[in-house]
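Notes to accompany the following structure.
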Amino acid sequence: REKRLTLPPSEITLL
Amino acid sequence: PGLLEPTSTLVRVPKSASTLGIAIEGGANTRQPLPRIVTIQRGGSAHNCGQLKVGQVILEVNGISLRAREHQEAARLIAEAFKTKEKDYIDFLLTEFN
């Protein structure tokens, strides 16, 4: 079983 | 300079155009914990400045740390730094490394 925590990708914001 | 991390660079971006012209991704609780520059738009203040590069990670904006800030908050801080009339520039503390 995969134990590594995967964080979600980020959204992208244009500034 | 003694306060800066060894691999960091301070870049002052004059507000030379009506937009800043960067896209950022990342923030606390994402795969990219600090905001990273993913696009620099031609004709924006950032592009005109000539010192920002795609891939650089933004550590601070006008001396405010972006550590532990979620994406929306980091974006808001950068947007406010661009909008404020108090300064005609934004100081970015940048690093090439994650």
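Do we find that B:Ile58 is under 16 Å from A:Leu14 (Cβ atoms) and either of a type outside the set (Asp, Glu) or more than 11 Å from chain A (Cβ to nearest Cβ) (or both) in this structure? In short, yes. Of the residues screened, B:Thr19 is one that is assigned to a loop (DSSP other than H, G, I, E, B), hydroxyl-bearing (Ser, Thr, Tyr) and farther than 26 Å from A:Pro8 by Cβ. Just to be sure before I move on: is B:Asn48 under 22 Å from B:Ala17 (Cβ atoms) and touching an Asp or Glu at 6+ places or on another chain (Cβ under 7 Å) in the structure I sent? Taking the combined requirement at face value, the residue does not satisfy it. Which count do you get for residues in segment B:4-16 that are assigned to a strand (DSSP E or B) and of a type in the set (S, T, N, Q)? Result for segment B:4-16: 2.
Screening segment B:35-87 for residues that are touching a residue at least 24 places away in the same chain (Cβ under 8 Å), among the acidic types (Asp, Glu) and not in a loop (DSSP other than H, G, I, E, B) and picking the one that is surrounded by the most Cβ atoms within 10 Å (Cβ to Cβ) gives B:Glu60.
Just one of the numbered conditions (1) out of contact with any Asp or Glu (no Cβ under 9 Å at 6 or more places or on another chain); (2) closer than 16 Å to B:Thr95 by Cα; (3) more than 7 Å from chain A (Cβ to nearest Cβ) is not true of B:Ser18: (2).
Laboratory data are not the source of any read-out in this text; all were calculated from the coordinates shown. Just so it is clear, the model here is predicted, and its values are computed rather than measured. So basically every Cβ, Gly included, is an ideal-geometry build from the backbone, and we count neighbours across all protein chains shown.
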